[in-house]
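The values are calculated or read from the model by the stated rules, or taken from the named source; none is laboratory data. This is a predicted model, so every value here is computed, not measured. Counting neighbours? That spans all protein chains shown, and the Cβs are built from the backbone with ideal geometry, glycine included.
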Amino acid sequence: MSAAPLDSVALRADFPALQQEIHGKPLVYLDNAATTHKPQAVLDALDQFHRRDNSNVHRGVHTLSQRATDSYEGARARIAQFLSVKTDEIIFVRGATEGINLIANAFLRPRLQPGDEVLITAMEHHANIVPWQLACDATGAQLRVAPMSQAGELLLDELEPLLTDRTKLLALTHVSNALGTVNPVAQIAEMAHAHGVPVLVDGAQAVQHLPVDVAQLGVDFYTLSGHKLYGPTGIGVLWARAEHLEAMPPWQGGGDMIRSVTFEKTEFAPPPLRFEAGTPHIAGAIGLGAAVEYLTKIGLKAIAAHERELLAAATDAVAAIDGVRLIGTAAKKASVLSFVVEGVHPHDIGTVLDRNGVAVRTGHHCAQPVMAFYGVPATVRASFGLYNYHAEIEPLCTALREAQELFA
């Protein structure tokens, strides 16, 4: 059964930041791939913690600490349900970047030897490139890259031969931040596991746009960032299979990740606390739990259907403008519309759009190898969220035409 249509105009009322004008124009916020705005439910959860329940979590016997702990661990359980995984497999991190670095250091690096390989793809964000480069540089391993087509789709026939007995990990994005491509993660994971290769997925651009059942994907690690999921900044989630968590040493040492400490020896807490050294971002976790609850009530299927229609309409409208070249034309995409305009630098376009109240992202989007593949220094990236609606496409196109006239 298809999801009920999303009333994005009504939902905008839940987001205070959208109720403003920029340079005298209504804000058209199309920079959701960089960060999303926060609904009132998230702001209220953060406010309640700071005003009423502010205290450190775990071990405290007083009421405020117990409230904070209940809310913090309740958020963990809510997020686990959101991803269809077990609660004790959820680790709170600062964001997807830290989740990837945790796996690079605690899981991968101890397993790497000279001659081993780590496989990534040609469409990765820097956060899913640099940690693996560092691990390879430290161990003598080699980074391999699976290619993609001009449309921005992975070439699976060329990916599979790169999976060998030397491959110790495959890391890929679920949805490309620069192109919007939705990768066939379950198919790729099955392919990798047939060669005995564990799989890490960067889900920072996926979980806010489409239903994600991590168990069905069949991967080993999945990480996401809260601020792209209508939650706070500085908080994210790493999910890992229990057997990996049990076998992994801690990445950082400190309080809350220990069972007992003497000067001679430390016994570590079981996962997930083993990987959460120090006082966590308590408010961030609680806010992220509230964001997940908000999205669950709306329904990811409804959000995905709405954004799919919006992206298709915006793509047609922008592509119809003379001089526009689309960057990333995969058959299956989510949220992201990247393009360049002949004769006009993306930063100049971004400036003109801002004068018209339209917020987009311009630059390399922390994906410089992607830009090099397409032979451009940067793109204009319009990215959509649940609160965007069809009437916002026209201001985008009007401002683009204005930029062309100014810089012709």
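Odds and ends about this structure:
- The lone exception for ILE188 - which of (1) under 18 Å from the mean Cα position of the chain (by Cα); (2) surrounded by 18 or more Cβ atoms within 10 Å (Cβ to Cβ); (3) under 26 Å from ALA331 (Cβ atoms) it fails: (1)
- Hey, ALA313 in contact with a strand residue (DSSP E or B) (Cβ under 9 Å, 6 or more places away or on another chain) and either surrounded by fewer than 19 Cβ atoms within 10 Å (Cβ to Cβ) or not assigned by TED's automatic domain parsing to the domain that holds PHE384 (or both) or not: no
- Any hit, the range 348-360, residues being closer than 18 Å to THR315 by Cβ and under 18 Å from the mean Cα position of the chain (by Cα): yes
- Looking only at the range 245-304, and only at residues there that are in contact (Cβ under 8 Å) with a residue 12 or more places away in the chain and among the aromatic types (Phe, Trp, Tyr), the one that is farthest from HIS209 (Cα to Cα): PHE268
- Against the test of being in contact with a strand residue (DSSP E or B) (Cβ under 9 Å, 6 or more places away or on another chain), modelled with pLDDT of 95 or more and in a strand (DSSP E or B), the options LEU238, LEU179, LEU210 yield a single qualifying residue, LEU238.
- Residue within the range 283-301 that is among the hydroxyl-bearing types (Ser, Thr, Tyr), assigned to a helix (DSSP H, G or I), modelled with pLDDT of 95 or more and under 19 Å from GLY203 (Cβ atoms) present: yes
Rundown of residues vs (1) among the small types (Gly, Ala, Ser); (2) within 19 Å of LEU179 (Cβ to Cβ); (3) surrounded by fewer than 22 Cβ atoms within 10 Å (Cβ to Cβ), yes/no style:
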| site | (1), (2), (3) |
| --- | --- |
| THR351 | no, no, yes |
| GLY357 | yes, no, yes |
| VAL360 | no, yes, no |
| VAL370 | no, yes, no |
| GLY375 | yes, yes, yes |
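- Odd one out for THR279 among (1) within 30 Å of ALA106 (Cα to Cα); (2) assigned to a helix (DSSP H, G or I): (2)
- Selection status of VAL219, crowded, with 16+ Cβ neighbours inside 10 Å and outside any strand (DSSP E or B): yes
- Scanning the range 1-50 for residues that are surrounded by 12 or more Cβ atoms within 10 Å (Cβ to Cβ), polar (S, T, N, Q) and modelled with pLDDT of 95 or more yields ASN32, THR35, THR36, GLN40, GLN48.
- In the range 117-152, the residues that are more than 20 Å from PHE221 (Cα to Cα) and surrounded by 20 or more Cβ atoms within 10 Å (Cβ to Cβ): ALA141, MET148, GLY152
- Among the criteria (1) under 22 Å from the mean Cα position of the chain (by Cα); (2) more than 25 Å from ASN56 (Cα to Cα), the one ALA290 does not fulfil is (2).
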